[in-house]
Each structure stands twice: as structure tokens, then as C-alpha cells.
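Read the structure below first, then the notes.
Each reported figure results from applying straightforward, stated rules to the coordinates on display, with no laboratory input. For clarity, every value in this text was computed on a predicted model and none was experimentally measured. Here the Cβ positions follow ideal geometry from the backbone for every residue, glycine too, while neighbour counts run over all protein chains shown.
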Amino acid sequence: MILALIENAFLSILGSAIPASTVVVLAATGVMLNERVGVLNLGQEGLIGIGAVFAVISVQEWGIESSWLALLAGMLGAAFMGAAFALGTVVIRANQVLLGLALALGGVGLANQLGTNRTGTPIPTETQFQELDPFGVFTDNEFFEAFLYHDAVTYLAYLVVPAALWFLLFRTRHGMTVRAVGESPGAADAVGASVMGIRFFYTVLGAAISGAAGAYMVLTITPTWSPDIARGRGWVALAVVIFAAWRPFRVVAGALLFGAMISFETTAKARNWDLPFLSASDMGFLLSMLPYLVTLIVILVPAGAAHLGRRVRATDAPAALAIPYFREER
Amino acid sequence: MIAGYRLQRRLDADARRTAILRVLGAVGGLVAAGFFLLLTGRNPFTILADSIEAVFGSKRGIEGVAVQSVPILMCALGVALSLRMKVWNIGSDGQFLMGAFVACGLGINIDAPNWLLLVMMGVGALIGGALWILVPAAARAHWGVNEIITTLLLNFVAVQMVVWASLGFWRDSSSMVTQSTRIVPVTLPRIPGFDSVSIAFFVPLILAVVLWIVFRSTKVGYEIDTIGGNPRAAAFAGINVPRRIIVVMLISGAIAGFGGFLQLTGAPGAQALNGGGFSRSYGLSGFIVAALAGASFLGVIVAGLFISAMFYAGIALQTKGLSVYIIFAIYGLVLVGVAIGETAARYRLQKVATDGGAASAAPTTPTLAEATP
Amino acid sequence: MSTSEHRLAVEVRDVAKSFGGVLALDHVSLELREGEVHALLGENGAGKTTLSNILAGLYREDSGSVLVEGVERHFHSPAQAIEAGIGMVHQHFRLVSSMSVAENLHLGSPDTPKVVSSRTLVASARRMMDEIGLHVDPTAKIWQLSVGEQQRVEILRVLARGAKVLILDEPTAVLTAKEARELFGVMRQLVAGGRTVVFISHKLNEVLEVSDRITVLRGGKHVITRDAEGATARELARLMTGEEMGIEVEHREVTGPPVLVLEGVTARNSRGVEALHDVALTVRAGEIMGIAGVSGNGQTELAEVITGMRTCERGRITIDGSDVANTSTRHIADLGVGHIPEDRIGVGMVASAPVKDNAILRHYRTDELSSKRMLKRERILAFAKDIVEAGRVQTRSVHMPAGQMSGGNQQRLVARRESLVADRLLVAAHTTRGLDVLAAKQVQEAIVDRRDADCAVVMISDDLDEIMAIADRIAVMYEGRIMGVFDRAEFDRERIGLLMGGQTETEVVA
């Protein structure tokens, strides 16, 4: 009886954790791509917001009905912001932290402004991404349903994109150059790679993927526009990448942890869980903090453990992260 | 003979030049914002005129800016203090809220004479703000964990704390407002002759001057600047760098926290916590101010009053096409201008040395990408 | 132009280049023949590196032209230079330290397959090494390799891209004597195969040993190009500096009491690897103890452990009898220990802060310059001006950021400041690295002055000539151990050189 209850809750949490994490998986993937070439883009909140608002505008203003085209609209909006960011950080080579925060602030402000009169209008069901069941077996039992019954974007974010990026980074000539640009732009330059070109391209591509996170959020998760739509997921994505040591599949795992916290929160609130010393509503407030606290702990623990183990920390961060590259600097 | 020009990059920018270009960059950001408003179908000149009218046209406007400036300046001073050490405390929103949280808790739960209660709330706010940055500070100082994300994540937790208090354990059940704690029984006295400005207005101004003196002529100020300039040189000089980082970050948090106390007891109609909206992103405004001022404390006052006026105008002109959202978009543009200005300060246009015999020297166009040391 | 029977690989005609209005290369012309080791000799700032960076496509010449096999070329990037057959191995390696040798060899090469597994990369790297005749473990990560091996990877990479002209920028500066010998073998092997090697150095003996022809540059100008045969070190030195160089130091019998005593000192480096093993050393008042050794054999850690910047895992360190191991830099400085750190910009200075703030870095806490809390601003100004004047630091103003001064003036400032701290002991690491002759001489004089004031001095340098000229005794370090200590009467270049290369005293004697 109790076991069945736990199992039931577990499946419900897992089932909702996977789509709930998709947003963070995508955003963190975007961050990872940026950082792999040595660019720190703190403006994830802005990119998610811009991606979301452009998806909404494409549906409500331009009459787009295809969820894929709406996703593309969001990605293009964010890519445009990413290009502006890359212009500042990669071409002009201004301070990446300042410009990232500018994008976080300005992007959210701009997205909220563009979305002013759209709050509450839902995205029509046919434009939302729908769960796939190609073989007709995913809904057969609740295990399959929790694990497999998801939409195409979720499959892309969890499997296809990480696999493609892993292949690109670790199995191709170009990927080798990409990693070198993030680790040692001087070395990449010396062998004839275009540091600026590669940094620019991947900064824009990463921004587009972060924009996809926002678009997916508004198209399927919420599915309606509301101000400050990212609600910290951009910052969480930045933290997840640190935890994931800049590796594609670990990014997925880290983001899933965050999503699990969110759906634990939702499930607990929906079922009015309480503790002997905490009422269900107080528990709810406490649980709302949990995803952020867990994210914080997740980046503190490895650093602390490495330090306490008296091992000098071997950070996996790309060595040139957030450092502008100047060729003739002596 | 053809004279060529080239942009030369130098490792150490002149402080004065940087300050000038930073301000120029901010102005450039505002001009860009004007074009942005134009694009969205608003007339920037009308908005500018309306803003000036809203701020300077009445005593109410000036008082509004003064009231607004207290939380913004307090957060800005906290950020600027840590920036002197090249530490980016972007969690001052959370520290501000937690300062107010502790002050509010003391204010509504303790029975004491007014003056004593105010002192206790003030001290509580300092502690609340400092505690909220303790973990990021220790992690940064001892484990080298970047403080940007850790301080920021705690903002979200702080908002939840305040929401919980407003809807839950300190909720004022007699009030019509659903999201509000009980009202604290004490306020700071108003400045004579003003309707809404309390003596809290003077606190950030005095604090800025104190900090300016500390960094101009004390050993501690010198040590913090040395850490900011080169932490390894600071360790070489025998300064305990991790401990200094922790202490300075705690003070930075405490200043923002004290801002929460000043808001709670000094701002008109703010005597209770009303969810996360208690801070209207004052921490972010404070961050812009500190970036604009380049961590110069007297500069913080000037930049802070300017940003406060902008923020006030944004609220006052909600009906005329401005909004807090647009203000944040403009903040972003201003910050972009500051970042580019700072970068430009490191460059100098230099004539390429050519002599009569080497007229073949190709004239190069001055682009940033062409920069040489 | 080519009148000799030799085929020219590269011809440099009247090339000029300036940085920030300073002429780094003043209309230099040069011919590089096929199949020769051509040495570029000169002091720091003579223009050697600027010239080779132009050849390698890193800088663009302001005027003049470069001909490769008779065709005029203007390189806009290193890739173009490599395509033309010119490759450079920099002093600071351009390797990606988190990647494997095989990956580094294939990085950016058009011959690398577009899609490739690490196994294929390793196999292809092995083939490359066999063809060229140089070998390094292709699966190792760069950071796991010794400096000599890393250099070999750099050379391999340049040659694998088909370079006919190989430029080596001060390749021996980071090598042990044995590794340097091996490198010379490789260089001879390459020129025998028809390639051209440009060997940049300021070490006369090496240049004479390995080169076919020698070009001397001074102050950005071409001084002479001549055959190595028949050239003497003395003549080349005069051409390089334009004067007889070297500092004359008087050496006396050392009778002072021991100031610094190390017993069984063990410490780890910044990567957590044990870098000092059981080091014992005594330095007496009024003597200069030279620490000879190739960079990276524990000298940095030795200096840091003595001055309190690094944890001492085991052993005792005493200064004037009091145990100072793991106390604090502040406590040790208060005992009268000055330290001219190896990395003066990274450790000894705040480059962005004004000269005056840097001048007081060690003294701001003294009663002279501050009260309990406040700084005495006028006294500080006077103090800073004193240091600038007495240290012969050339600066426009004490308010100017220290980073804007030249390296020589930065070092004069640090040397003077630390001399004031050093009542009992001065630890000076690589003090003349990167300085011009005059600045180097002045800093050396400052060190000798300290000794003459009965201060004990630990002088670390990888320039054996410098140590032999100045030190009263020499301790040789290799892989974190003291291999032997020599009195002045026993100084023997060859023996010391062998110990620096890791041979033990018994092996040397035998």
C-alpha cells in the first residue's frame, strides 16, 4: 500500500521532471557551447525571455501555427541578441561579465515589454508540442509513460542534441579546433584557426539554443506568456554547466536534477504533503526554495570536496573562459 | 608620405580616462535607448521632457526620487565595495530582502521602546544581509567558487522567504491585502519640510563619504584595493586574502541588508513586507549604479541619484508609454555602453611611425580588431 | 642579390616594424640558406623575436619585404606562413595542455580527416613521428609531459605541416643540459635533410656550438652576419652589447654567522606534486648563495617556502635561529627578509595601482607610514619618491600606474623596495630575466650591495654565467633536491652543468 503510493509518486515526479527539465537542459546546452569556446554569457535569463516572447509573437501576431516554426522564431530572436552579445564580447572584446549582465537585464526588460499585452492568452493546443507515441506502446503502462511518453523537443534535448554535440566536440577535426579555442586561443590561432569566427559562431548558436529553451517553455510547459518567464532557470543553467564539467550528457543529468526538484515541489504541493512539524502550505513555501538551494549545493559540493581532500582542484572549465583574446598581446 | 593610424592597446588604462569613457558610454547607451523608443513608436524627446517634468516639475517628484534613491544607493554601495576587490556581488536584492526580513521579524514580534526597537531592527538587518552572503563569501574565499552565480541563486531563495512571511507566518490576517505581513510599529522621522522623505535619505550619502575616506586614507582601504589589483601581490605583502574577502563580502551584504531596514522604516507606506515586490529589483539598479560609477564611492552618489530619477520617471510615466520593463531594457543598453566605454579606454589612436624612406607603409584603418599592444 | 652558390630559403629585405612609436626593427636585411642552422643573436629587445614573428606571420611588417624561395610574400596569419613553409616554435608553447599529444599534432591541420576517432589520431601521430624521426607518447596529455617533450611536440607539429624553415625562439632556455644536447642533435639532423633552422638565443656558447652562420642584432638593427667558424664568444658579446659586459664583483672569505638554515624541507608545488624533497641549506650573513638549476626544478618553491608564501610540509626553516616555517609572509618580512619574486608583475606588484602604492606594499604598516588605522599620505609620497630616486626608477610620476613602466624600471622598483625590507636575508629569483644590460647590472649591484651590508642573499637564476660571476657559493638544484654545494674556489662550470642535468656528484666524479 505504502509502497504503491511511493511508486506512484515517484513515477509522477519522474514523468513531470523530464519535460520540466527540458528548458534547463536546452539552456544549459547553449551555455556549454558558449563556454566551450571561451565565452561566458551570463545573459541566459534574457535569452530565454527573448526566445519565449518571439515564439509567442510569431503565434499571436504572425499567425504561425506550426510549433516548429514558432520554436524557430524564438531561436532566431535569441540568435539576434546573441549576435549583438558576440559583437561586444568577441569582436570589440569588452568585459563579458558586464555585457552578460546587460543582456540578462535588458533582455528580460525587452521581452517583458514586447509581451506586455500578451499575458494570459494561451498558446493554442495545436501549436503546443505533443507527446509522441510512434509505436503505440509508450502509453501501455505507467513506467513507459513516465520514461518515454514525451514530445519531440524533449527527445531532441535529451538525446539527439547532446549526442550530436558530443560527436562534434570529441570526434571531429572541427570539434578539436573548437575545444582548442576555448582552452588556448593562442594555440588555435597559431595553427590557423579563426578564433574570432569560431567564437562568434558558437556564441550565436549557443544563444539560439537558449532561445529554444524559452520558446519551448512558452509553447508547451506553461503554455502562455507571463512576465519574467525564465524565473531563474537561466541562472540555474549556468550553474548546471559548472556541475556538469562542460560535458554534453552530464549537462542533461545536472538539469534533470533541477527538474526533479521542481516536479517534486509541484507533486508535493498538489498532494498537500506535510510533515509533523510543517503544515502543507508552509511545506510548499519551503519546497519553492529547494530547486535553487539544491543548485547552489550542487556547485559547492564538488569544490568543497576537492578542497577538503587537499587535492588541488583540477577545474574542468575551459582555460580561456571569459578571457578576451588579443593576438599581439605580449 | 602617408601617415597611418593604428589603435594601440595598453594593459593599464588611465583611471580618469576610463571614468570619462565610462560616462560617455552610458550616454551612448541612453542615445541608443532613444532610438529604441523611436522604434517602438514612442517619441524619445517627449518622454525625456515628460521625465524631466515628472522628476523636477513638482516637489512630489523630487521627493519621490529621494525616497527611491535610498534602497538603490544602499545596494549600489554594497556592490561597489565588493567591486573594489573585483568581487561581483549580484545578490544584493536577496541581501536587501533578508535585511528587511530580519528587521520586520524583530519589529512585529518584540515589545520594546521605539528607539530600542529601531536599533535592534537596524542591527538585525545588518546581520540578516551579512548572513545571506556568508556561504558565497566563504566558498569564494576558501574554495574559489565564482560568486556571481552563488549570490544570484540566493536571490530566488530570499524572495521565497519573504513571500512565505507575507503569506504565511507573519501574515496580517486583518488586512485586505493578501500578501502582506503585519506592520512594524516604528518609523524613522521625516526630514522637516518634507512629506515623504525620512532621515534614511542621509544614510547612503554619509556612508558613501565614509567609504571614500576609508579607501583614500586607511590601511584597510589600501589592503582591499591591493587585493582587487592583484591578490597574489596582496598575499605577498602579508595580507590575509581569504579573510579579507570574507569580511568585505559580509560588509557588502550588510550594507544592502541595512538598506532593507531603511526601506522598511523610512519609505512611505512600506512598513510591512509584501512579497518579493518589496524590492523592486533595487539590487539590479544598484549594480548598474556601481558599474556606471566604476566602484568610486562619490561617483556612486551621482550615478545613483541619476538612476533613481530614471527609475522614478519609469514608474511615474507608466500611463504615458514608459514602464519598469522599458527602464530595465534601457539599463541593459546603458550597461553595454559602460562596458564598451571601459574597453575603449584601453585603446589609444597612434600614428604609425613612418619616415621618408618607408613611404610604402600601408595606412591601416583604425579598427578595434586591428589592435596591437 | 644572391651571389653565393647557396640556395636561399628566405630573404628578408629592409624590414621595419614599430610598436607604439618605438622602432623594434630598424630596416633589417637577412638571408637564410637552405640546409643551415642560422643563429639570431642579440640582447632582449634587440629585435630577434619581432623579426621571427614577422617571418612566422604573427606580426605584419610596416615596410620592407620577405621573399620565400624568391617569391615576395606578405603574411597575414601564421597559417599563410606555414603554407609557405615557415614554421615557428615559440618560447611559450602554443599547445593545448588539456589535450593529448596526438590531438595537438592534428589540431588545425588540413590533413586531419574531418571525422576522426582518437585511435586514428594516435596511429596517424605515430606515423608522423616515424617519418620525422622524433618520438613522444602520442596518448599523453600535454600537461603530463616534461618541458623538453612539449618542445618536441611543437617541433613535430611544425614539421608535420611541411615546414622547410623552422624558427626556434630561445629553445634552450627551458631545457636541461641533456635535453639541450638532444635538441642540437635534432637540429643537425634537420639541416642535414635540407631544412633551414633559425636558432634564436643569447647564449653564446650554444650559438657557437650548433650554428653554421650567425647574425647579430642590436637595438633593432642588423649588426653583422658571419660564419660561426672562427667566431669567439668575446667578439660576439661585444657585438651584441656594444660594450664589454658583465659585472665585476669582489669576493671575500665569508665569516658571518648563519642566517638562514633549512633542514629536511619538503613542499608541494601548486599542482600538489612534491617539488622540494628534504632540502638542507645554510646561508650565512654577508654571502650570496647562488641557486643554480634549470627552471622548474624547485627553485620557485624554495623561494616561496622560505618567504612564507608556500606551506612547508616537513622540516625546519630558521632565520636567525627562530623557526619560521608556516608562520606568515608578514611575520617573516618583519624579521628582515626581503623577496624579489620570480614573477614580478604577477606577484611582486599591482600593475594597475600607482607607483607610490607599489612602493609602500611592504612598508605601509610601519609607524613611519601609518598610524593605527590611517595612512600618512604625505609621508607615503616622500617615501615613494625616495625609493624611486634611490632605486634609479625612471617614471614620469609616482602617481602613474606601475604597469606602464618598462620591465627594467618595474624591477628596479621591486629590487629597491625589497632591499629596504632585507635587513637579514634577501631572496632574489631570476632578477635579471627580461632586462636589458644596464638594468640587469643595476639590479645585480643592488644585490651585491645588500651582501656588503652583511645581509644573507639567496640568488636564484637559470643563467649559470650570472651565478658564477656574482655568487660566493653555489647550490645546484635538480628535481627538488640540492645536488651539491660549491665554494667559490671549487666553481667548475662543467661539474655544475652536469649536476644541473641530474647526474649525481658521485657519477660526476667517477
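Here are some notes:
- Efficiency of FRET from Cβ geometry, residue A:282 and residue C:399, R₀ 51 Å, rounded to 0.05: 0.30
- A crude spin-label estimate for the pair residue C:140 and residue A:249, with each label 7 Å from Cα along the Cβ direction, gives 3.0 nm.
- In terms of surrounding Cβ atoms within a 10 Å radius of their Cβ, B:181, A:139, C:307 rank from fewest to most as A:139, C:307, B:181.
- Value of Rg/Rh across the protein assembly as shown [Cα atoms, Kirkwood radius]: 0.99
- Using θ = phi - 60° in the Karplus curve 6.51 cos²θ - 1.76 cosθ + 1.60, the 3J(HN,Hα) couplings for the stretch C:82-91 round to 4, 4, 7, x, 10, x, 10, 10, 7, 5 Hz; x is entered for Gly and Pro.
- Take chain C and mark each of the GluC sites (Glu not before Pro) that is in a DSSP loop with at most 10 other Cβ atoms within 10 Å; the longest unmarked stretch, sites excluded, is C:254-510.
- Built amide H within the under 5 Å cut-off of residue C:458, gap 5+: C:289, C:426, C:427, C:428
- Contour excess over end-to-end distance, with Cα ends at residue C:263 and residue C:494 and 0.36 nm allotted per residue: 80.4 nm
- Within the stretch A:1-142: Cβ-based charge dipole about Cα centre, in debye rounded to nearest 20 (Lys, Arg +1; Asp, Glu -1): 760 debye
- Near-label residues of the stretch C:414-457 by backbone N, under 17 Å of a point 7 Å along Cα→Cβ of residue C:379: C:421
- Where only DSSP H runs of four or more residues are counted, the protein assembly as shown gives -16500 deg cm²/dmol as its mean residue ellipticity at 222 nm, each run worth -39500 (n - 2.57).
- Cβ-based net charge around residue A:154, under 15 Å, with every Lys or Arg adding one and every Asp or Glu removing one: -4
- Residue B:196 versus residue B:142: modelled label distance in nm, points set 7 Å from Cα along the beta carbon direction: 4.6 nm
- FRET efficiency, residue C:209 to residue B:39 (Cβ-Cβ, R0 60 Å, nearest 0.05): 0.25
- Relative contact order, percent, the stretch A:214-330 [alpha-carbon distance under 8 Å, six or more residues apart]: 23 percent
- Exposure proxy ranking for A:62, B:88, based on other Cβ atoms within 10 angstrom of each Cβ and starting from the fewest, stands as A:62, B:88.
- A Cβ-based charge dipole, computed about the Cα centre of the stretch C:255-353 with Lys and Arg at +1 and Asp and Glu at -1, lands at about 140 debye.
- Once backbone amide H atoms are built at 1.01 Å from N, residue C:353 has C:402, C:403 as its partners under 5 Å, excluding neighbours fewer than 5 places away on the same chain.
- Around residue B:297: net Lys/Arg minus Asp/Glu count, Cβ-Cβ under 14 Å: +1
- Proximal lysines to residue C:372, defined as alpha-carbon separation beneath 24 angstrom and excluding residues fewer than eight positions away on the same chain: B:219, C:356, C:385
- Chain C - share of DSSP beta bridges that are antiparallel (%, nearest 5): 55 percent
- The stretch A:104-152 and the stretch C:62-91 have their alpha-carbon centroids 56 Å apart.
- Charge sum, other residues only, whose C-beta stays under 13 Å from residue A:33's C-beta, Lys/Arg counted +1 and Asp/Glu -1: +3
- Computed over the stretch B:116-242, the convex hull of the alpha-carbon atoms projects to a mean area of 11.7 nm².
- Chain B - percent relative contact order, Cα under 8 Å, separation 6 or more: 40 percent
- With R₀ set to 25 Å, the beta-carbon distance separating residue C:314 from residue C:270 gives a calculated FRET efficiency near 0.85.
- From phi via Karplus (6.51, -1.76, 1.60), per-residue ³J(HN,Hα) for the stretch A:231-246 in Hz, x at Gly/Pro: 6, x, 5, x, 5, 4, 4, 4, 5, 4, 5, 5, 4, 7, 6, 6
- Only the Cβ atoms of Lys and Arg (+1) and of Asp and Glu (-1) were treated as charged; on that basis the dipole of chain A about its Cα centre amounts to roughly 1340 debye.
- Restricting attention to the protein assembly as shown, close to 60% of DSSP beta bridges with both partner residues there are antiparallel.
- For residue C:324, the residues whose amide H sits under 5 Å from its own are C:317, C:318, C:319, ignoring neighbours fewer than 5 places away on the same chain, with H placed 1.01 Å from N.
- Across peptide B:223-230, the average count of Cβ atoms from other chains found within 10 Å of a residue's Cβ is 5.
- Of C:358, C:319, C:335, farthest towards positive along the dipole that unit charges on Lys, Arg, Asp, Glu beta carbons give the stretch C:309-396: C:358
- Within straight-line reach of residue B:59, meaning a Cα separation under 29 Å, sit the following lysines at least 8 residues removed in sequence or on another chain: B:320.
- Ratio Rg/Rh [Cα only; Rh per Kirkwood] for chain C: 0.99
- Ranked C:500, A:32, criterion: other C-beta atoms within 10 Å, fewest first: C:500, A:32
- Reported value for the stretch A:55-194: 176 Å³ per residue, from the convex hull of its C-alpha atoms.
- Distance between the 7 Å Cα→Cβ label points at residue A:194 and residue C:452: 6.2 nm.
- The stretch C:319-470 shape via C-alpha gyration tensor axes, a/c threshold 1.5: oblate
- Of the residues B:137, C:276, A:279, the one whose Cα sits farthest towards the positive end of the charge dipole of the protein assembly as shown is A:279 (charges of +1 on Lys and Arg Cβ, -1 on Asp and Glu Cβ, taken about the Cα centre).
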